[in-house]
Structures are given as structure tokens and as C-alpha cells.
Amino acid sequence: MLLHSETQSPILYVRTMDDCPRNVNRLFKDWYDITQLPEDRLKITVYFHYCKFLGHIGVAFLGGIARLIETRGGHVTFDWNTLAEQIRMNLAQNGFLYDFGYNREPWDGNSIPYRSDRQHDPLAIADYLRYKWLGKGWVNISPGLQEAITGKVVEIYLNAFEHSQSVIGVFSCGQNYPEAGTLQLTVIDFGIGIPNSVRTLSENATMKTTEALEWAFKLGNTTNPNGVGRGAGLHLLQEFVKKNHGNLMIFSNDGYVAIGDNRVRYENMCTSFSGTLVNITFQCNESYYCLASEVPQLKKRMF
């Protein structure tokens, strides 16, 4: 929640944040309010008085917002003294505090580290996904399928760098939530968004948001005339989500995609965000050991 007036510098109050779509829309409202500030009003203080829980989506989004403000010539001051102790420990563990100048290095735990990438480094990103996300043993999955999913998530990063036109890069964070039995990862950019990117092709110029999202996720489609169509890298993830009973959420422009056990749902949102946020949720408490051969998209590719 952003508060400001003609006589007061803007204050951003970070609210309790989990992976509920309603709370994600609140982040988009904060983003919109900040982007409407004139450049001489971009000295913003961030307070955490009203934040009882700050999930990984909020962490990645907050990091991106801060860098966006700095790119516009502004300045962000975090009032770390207003952090609840449990949130402070998590932000220290995942490296968010260290990235923003707090003198404490991150350590290993339930967090998938906060990460900001100004340029695409596929080897570093793949190592991050292998060793900090899927390779921690939280999800019952075969090594072959780990590698295949890692490759597809690297493609999500690549799509962001190739098509989003984001001047500040891509931001990531994740978390293993033992009580909920889930492993989650968020990848977010602050570019032009998937629907707007799809509409840069003349034949797609009149597409509605949901139509543009469906087009983007269809295997073989690409907005790069010289590129290989990857369908946003989500087909294999979708198949594993079905097996694992997890879910995918994609927010882009005024569109929302929810991919669950048995269906894909496209919706329009009442709020709009110029970039793209992808959140991946896997179940950790599945009793079976999932093999690459169990995912239809991999049967022909790996065997």
C-alpha cells in the first residue's frame, strides 16, 4: 500500500503476502501506484509494520520494484527495524537482505535464494534451479525429469530476456513450505508482458488478452521470426503438474492463467501489470517416484 501527499515523501507499506491471487493483485496495485509517481517523488521508504508473513512471491516482487525505482533515478530505503523477527530471518536466509546492503550473508535452509539477473546466464540459472530448487530432494522426482524440468524453466527465463524488453532483468525467489507440503518458485520480469509481446506480430494485433496468452502457450509459437517456437516452455511443466497435483499461475498484463490437475483456465483481471509473473507449485508429499517416462511430453524425447 503506497501512501503519499504533496508534503510527505511516499511510503510503501508491505502487507502480508502469500500466493493467493488476490494478494498478488495487491502487488500489482502497488506497482501501478509507484509507476504513476513523478521522477522527483521517487524517494520511497518501505515499512513492514503490517506484514505478518512475506512469501517468496512478495520477496521477488519487492526486489524488482526497488530496482525499477532505482532505474528511474529514485531511491528506496528499507526500514529493517519494522521487520518481524521471523520475516527478518527468512529474508536473511534467502539473500534478500544481503542483496540490499544488509551485512549478513545468506545460508542454506528452506528458501530457494532470492536472485536478480540483469542478463541471461543460462548456465548459472540452470545451476540455481538444479542445486537450490529441484535438487534439494524436496520433490520425489527422477534425475532425468529434474533435468528436463530445469531446462524448461530456463526457457521461461530466456523468453523473459528475449521478449519482455525489461530494462531491469528478471527476479526469482522460492520456498519449501513444509507445513503446506509444497515447493514453490516465482520468476518475474517488469517488461511489456506476454499479451503485448504477442500483439507485436501484425496477425495477432487485435487479439484479446486471453487469446494472446493461449497463443503464447501453444507449442511451436514464437514472436521471434528467427527463433525456435517453444510455446513459453510450459507444456512439459503442465504435464508434470498434472502428475504431481501441483499448479502453475501466470499473471501478465490484465490476464491470468491457472494450470491445475485437469484444466487450464484463462481469465481477465481487474488490475493490470505490464510484466509477467510465473509461479510454479509442486507437491512435496506425493508418495510415488515420478519418472521422466511418466510424462507424455518426454516419452519421445528421452527414450
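The values are calculated or read from the model by the stated rules, or taken from the named source; none is laboratory data. Only a predicted model underlies this, so the values are computations on that prediction, with no experimental measurement involved. Heads up, the Cβs are rebuilt from the backbone with ideal geometry, glycines too, and the neighbour counts pull from every protein chain shown.
A single entry from Ile125, Ile87, Ile69, Ile141 fulfils the requirement of being assigned by TED's automatic domain parsing to the domain that holds Gln283, of a type in the set (Val, Ile, Thr) and over 16 Å from the mean Cα position of the chain (by Cα): Ile141. For first residues located in the stretch 77-100 and touching a residue at least 12 places away in the same chain (Cβ under 8 Å), partners that are surrounded by 21 or more Cβ atoms within 10 Å (Cβ to Cβ) and among the hydroxyl-bearing types (Ser, Thr, Tyr) and lie 6+ apart or on another chain with Cβ distances below 7 Å form the pairs Asn90/Ser111; Gln93/Ser111; Asn94/Ser111; Asn94/Tyr114; Gly95/Tyr114; Phe96/Tyr114; Asp99/Tyr114.
Rundown of residues vs (1) closer than 24 Å to Gly58 by Cβ; (2) aromatic (Phe, Trp, Tyr); (3) in contact with a Cys (Cβ under 8 Å, 6 or more places away or on another chain), yes/no style:
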{"position": "Pro106", "(1), (2), (3)": "yes, no, no"}
{"position": "Gln119", "(1), (2), (3)": "no, no, no"}
{"position": "Tyr128", "(1), (2), (3)": "yes, yes, no"}
{"position": "Trp133", "(1), (2), (3)": "yes, yes, no"}
{"position": "Ala148", "(1), (2), (3)": "no, no, no"}
{"position": "Phe161", "(1), (2), (3)": "yes, yes, no"}
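If you go through the stretch 105-123 and keep only what is over 26 Å from Ala180 (Cα atoms) and surrounded by 13 or more Cβ atoms within 10 Å (Cβ to Cβ), you end up with Ser116, Asp117, His120, Asp121, Pro122. Being of a type in the set (D, E, K, R), closer than 29 Å to Ser252 by Cβ and touching a strand residue (DSSP E or B) at 6+ places or on another chain (Cβ under 9 Å) is the filter here, so list the residues in the stretch 49-93 that pass it. Passing the criteria: Arg67, Glu70. Applying the condition of being within 15 Å of Tyr256 (Cα to Cα) and of a type in the set (D, E, K, R) to the stretch 193-235 and asking which residue is modelled with the lowest pLDDT yields Glu214. Among the residues of the stretch 47-58, is any surrounded by 20 or more Cβ atoms within 10 Å (Cβ to Cβ) and either assigned by TED's automatic domain parsing to the domain that holds Phe190 or among the acidic types (Asp, Glu) (or both)? For the stretch 47-58, residues surrounded by 20 or more Cβ atoms within 10 Å (Cβ to Cβ) and either assigned by TED's automatic domain parsing to the domain that holds Phe190 or among the acidic types (Asp, Glu) (or both): absent.
Do we have Val167 as β-branched (Val, Ile, Thr) and in a helix (DSSP H, G or I) here? Taking the combined requirement at face value, the residue does not satisfy it. Which residues, taken from the stretch 29-55, are in contact with a helix residue (DSSP H, G or I) (Cβ under 9 Å, 6 or more places away or on another chain), of a type outside the set (D, E, K, R) and assigned to a helix (DSSP H, G or I)? Trp31, Ile34, Thr35 - these are the residues of the stretch 29-55 that are in contact with a helix residue (DSSP H, G or I) (Cβ under 9 Å, 6 or more places away or on another chain), of a type outside the set (D, E, K, R) and assigned to a helix (DSSP H, G or I). The set of residues from the stretch 74-108 being farther than 27 Å from Ile34 by Cα and assigned to a loop (DSSP other than H, G, I, E, B) comprises Asn103, Arg104, Glu105, Pro106, Trp107, Asp108. When the criteria are applied in full, Thr206 fails the requirement of being assigned to a loop (DSSP other than H, G, I, E, B), of a type in the set (Val, Ile, Thr) and in contact (Cβ under 8 Å) with a residue 60 or more places away in the chain.
Evaluate the following for Phe251: is it of a type in the set (Phe, Trp, Tyr) and closer than 23 Å to His120 by Cβ?
When the stated conditions are applied, Phe251 passes them.
In the set Asn159, Asn176, only one residue is polar (S, T, N, Q), modelled with pLDDT of 95 or more and crowded, with 16+ Cβ neighbours inside 10 Å; that residue is Asn176.
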